[in-house]
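Below you'll find the structure, written out as structure tokens, and then a few comments.
The values are calculated or read from the model by the stated rules, or taken from the named source; none is laboratory data. A quick note: this is a predicted structure, and the numbers were derived from the prediction, not measured. A quick note on method: Cβ atoms are made from the backbone with ideal geometry, for glycine too, and the neighbour counts reach across all protein chains shown. Accessible surface is based on the protein model in full, side chains and every heavy atom, while ligands, DNA and RNA are left aside. Shrake-Rupley method; radii C 1.70, N 1.55, O 1.52, S 1.80 Å.
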Amino acid sequence: AIVFFKPSAKIDFVCKKHNWLKVGNSASLARPLENKIKFFHLCKKNHLPQIPQSIAPFNRSTYKKYQQLYNQLVIQTKFGWAGKSSHLSQHWTDISSKIPIDTPVKYSPYLKDCYTLINNCCLTNQGLIQSPPAKQISGIKSLSQNPLATVGRQWPSQAPLGIKNQVKKISQQLGHILTTKNYKGF
């Protein structure tokens, strides 16, 4: 049996080729959930709360439009790990060479004086198991030049109880949605 953290088509292929038991979701099931643009649409369709954001092609015109709407922008491409697909931008010249023109991206405001909470969840036959939320640590220049890159987590999060309860409720709602897709695991 092969247990893995991050699904991939290569793992699927190797397990099938050798007739190994794959303990985890297929890449075809997991990949759309990792896609920041598809995940935005999934949340919108299922009325899950999200910060203000817009999906549009990356070009000077849409950049200007969303900069006027959101001021300092966070621009995310579909896929990335630990902040590699997330870019903070105040000027077109900051980012124009980092993303190919007309690539679909997610535009959102840079939320200053805020923090990000994350939690680990595992969906099982018996239901959802979830950890208490952790505070995502980012913005430590000695660990990453990208101020949006995740460089660690802090438990306990020190978030107020009401916020922790919201995280729990949203995670349960997402767990229910994933159950309908036969998703199991982390």
When residue 55 is evaluated against the numbered criteria (1) open to solvent by less than 40 Å² (accessible area, probe 1.4 Å); (2) in a strand (DSSP E or B); (3) at pLDDT 95 or above; (4) β-branched (Val, Ile, Thr), which criterion, by number, is the only one it fails? (1)
(1) exposed (fewer than 12 other Cβ atoms within 10 Å of the Cβ); (2) under 28 Å from residue 72 (Cβ atoms) all hold for residue 13 apart from (2)
Quick one: count up the residues across region 64-113 that are part of a helix (DSSP H, G or I) and open to solvent by 50 Å² or more (accessible area, probe 1.4 Å). 7
I want to confirm something. Restricting to region 16-31 and keeping residues that are farther than 19 Å from residue 125 by Cα and out of contact with any Asp or Glu (no Cβ under 7 Å at 6 or more places or on another chain), which single residue is most open to solvent (accessible area, probe 1.4 Å)? 16
Residue 129 passes all but one of the listed conditions (1) open to solvent by 90 Å² or more (accessible area, probe 1.4 Å); (2) touching a residue at least 24 places away in the same chain (Cβ under 8 Å); (3) assigned to a strand (DSSP E or B); the exception is number (2)
Could you count how many residues in region 142-162 are open to solvent by 100 Å² or more (accessible area, probe 1.4 Å) and part of a helix (DSSP H, G or I)? 1
Take the residues of region 35-73 that are among the hydrophobic types (A, V, I, L, M, F, W, C) and over 19 Å from residue 173 (Cβ atoms): which is nearest to the chain's Cα centre (by Cα)? 37
Among residues of region 135-155, those that are of a type in the set (Gly, Ala, Ser) and in contact with a Gly (Cβ under 9 Å, 6 or more places away or on another chain), counted: 3
Cβ-Cβ under 9 Å pairs, at least 6 apart or on other chains, region 163-186 side over 15 Å from residue 47 (Cβ atoms) and open to solvent by 70 Å² or more (accessible area, probe 1.4 Å), far side among the β-branched types (Val, Ile, Thr) and outside any helix (DSSP H, G or I): 184/124
